[in-house]
1. Can you give me the long-range amide H partners of VAL38? Hydrogens built in the peptide plane at 1.01 Å from N, cutoff under 5 Å, separation of 5 or more residues or another chain.
2. Please arrange VAL25, VAL87, VAL45 by counting, for each residue, the other beta carbons lying within 10 Å of its beta carbon, fewest first.
3. Within a Cβ distance under 9 Å of HIS78, other residues only, what is the Lys/Arg minus Asp/Glu net charge?
4. Which of VAL22, VAL38 comes first, and how do the rest follow, when ranked by fewest Cβ neighbours within 10 Å?
Amino acid sequence: MASDVASAAKPASLEHPARLSVLAVRDLTKRFDAFTAVDAISFDVREGEVFAFLRPNGAGKSTTINMLCTLARPSSGHLTIAGIDVVARPQSGQAAHRARLSGADTR
């Protein structure tokens, strides 16, 4: 019984150390003329993780989300969703996003 309690208390990262990165962002930047709204951010979100943006107003959170949803094109950097480079192929990224929302398996 003690082993059941111990296994239930393990964080997901210890139970599944090789979880896939469903979102990979590298040096993502968005400029509007001379104004830089997002400046070279990088992060990963792995399968099963909960991720949040916590920054002050005007820090580029909405702009970043717009790029992640392929509503805005990055000025530079790399963005992959479910293994698809949505900067190089934005239409593929939108299709993958719609498939994931509908519950279809994109792997």
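1. Amide H neighbours of VAL38, under 5 Å, 5+ apart: LYS30.
2. On the way: VAL25 21, VAL87 18, VAL45 15.
Least to most surrounded, the residues fall as VAL45, VAL87, VAL25.
3. Summing Lys and Arg as +1 and Asp and Glu as -1 gives -1.
4. Numbers: VAL22 19, VAL38 22.
Fewest-to-most ranking of VAL22, VAL38: VAL22, VAL38.
Values in this text are rule-based calculations from the coordinates and carry no lab data. Quantities reported herein were computed from a predicted structural model and do not represent experimental measurements. Here the Cβ is made from the backbone with ideal geometry for all residues, glycine too, and neighbour counts use every protein chain on show.
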